[in-house]
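One structure is given here, and the rest of the page talks about it.
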Amino acid sequence: MHSFFESDLSFLLFLPTFAIIGALYCAFPRRPRSALRWLADVVVVLAAAVLSIVAMRWGFRASVGTGGALWKQIVATLLAYGVFLGVLAIALPLRAAWLRKRGG
């Protein structure tokens, strides 16, 4: 259990931020709003969360700085946040092109 709190604390601390950013990603643009679009948005946000957890765990294990346990949390947090935003940044123009192609 102790290992969980050490390696996953970064994700838990950023979970409210990820939820807000994910909700904004899903909410805009407001139209077109179809079941397929909703499903695609949810899949992208869930993929961003999963990849963020993977990056965070990798960063926690890979950091070998002289800062001790705090440095491991900092690296893990930066990686988790960066990957989450990176996935959404890649998905945003792809979604816009997809919506234009569908006539939305």
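The values are calculated or read from the model by the stated rules, or taken from the named source; none is laboratory data. Since we're looking at a predicted model, the values are computed, not measured. Positions of Cβ are backbone-derived with ideal geometry, glycine not excepted, and every protein chain shown enters the neighbour counts. For accessibility, only protein heavy atoms count, side chains too; no ligands or nucleic acids. Shrake-Rupley method; radii C 1.70, N 1.55, O 1.52, S 1.80 Å.
What the table below lists for this structure:
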read-out	value
Listed values [x] 8.4; [y] 7.4; [z] 7.0, entry calculated as mean projected area of the Cα convex hull in nm²	[z]
Extension gain, L13 back to R30 (0.36 nm per residue minus Cα-Cα distance, nm)	3.2 nm
Max mean-square fluctuation residue, GNM over the chain, Cα-Cα springs under 10 Å, options I21, I74, I90	I90
Selected from A35, L70, V54, residue furthest toward positive end of dipole (the chain; charges at beta carbon)	A35
Cα centre as origin, Lys/Arg/Asp/Glu Cβ charges: the chain dipole, Debye	680
Inter-label distance, nm, simple model (7 Å from Cα along the C-beta direction), W58/L78	1.6
Fluctuation leader among F14, F84, F28 - the chain, Gaussian network, Cα springs under 10 angstrom	F28
Choice from G22, G68, G86 showing the highest fluctuation, given a GNM over the chain with Cα pairs closer than 10 Å	G68
Å³ per residue enclosed by the Cα convex hull of segment 16-75	73
Per residue solvent-accessible surface (Å²) - the chain, probe of 1.4 Å	65
Carbon and sulfur %, accessible surface of the chain computed with the full protein complex present, 1.4 Å	75
Charge-dipole axis of the chain as Lys and Arg at +1 and Asp and Glu at -1 on Cβ define it, positive-most pick from L12, A96, Y81	A96
Mean residue ellipticity (222 nm) of the chain, computed from DSSP H runs ≥ 4 via -39,500 (n - 2.57), nearest 500	-30000 deg cm²/dmol
Span from the segment 78-104 Cα centroid across to the segment 16-51 one, whole angstrom	9
FRET efficiency, 1/(1 + (r/R0)^6) with R0 30 Å, evaluated for W98 and I20 via beta carbons	0.80
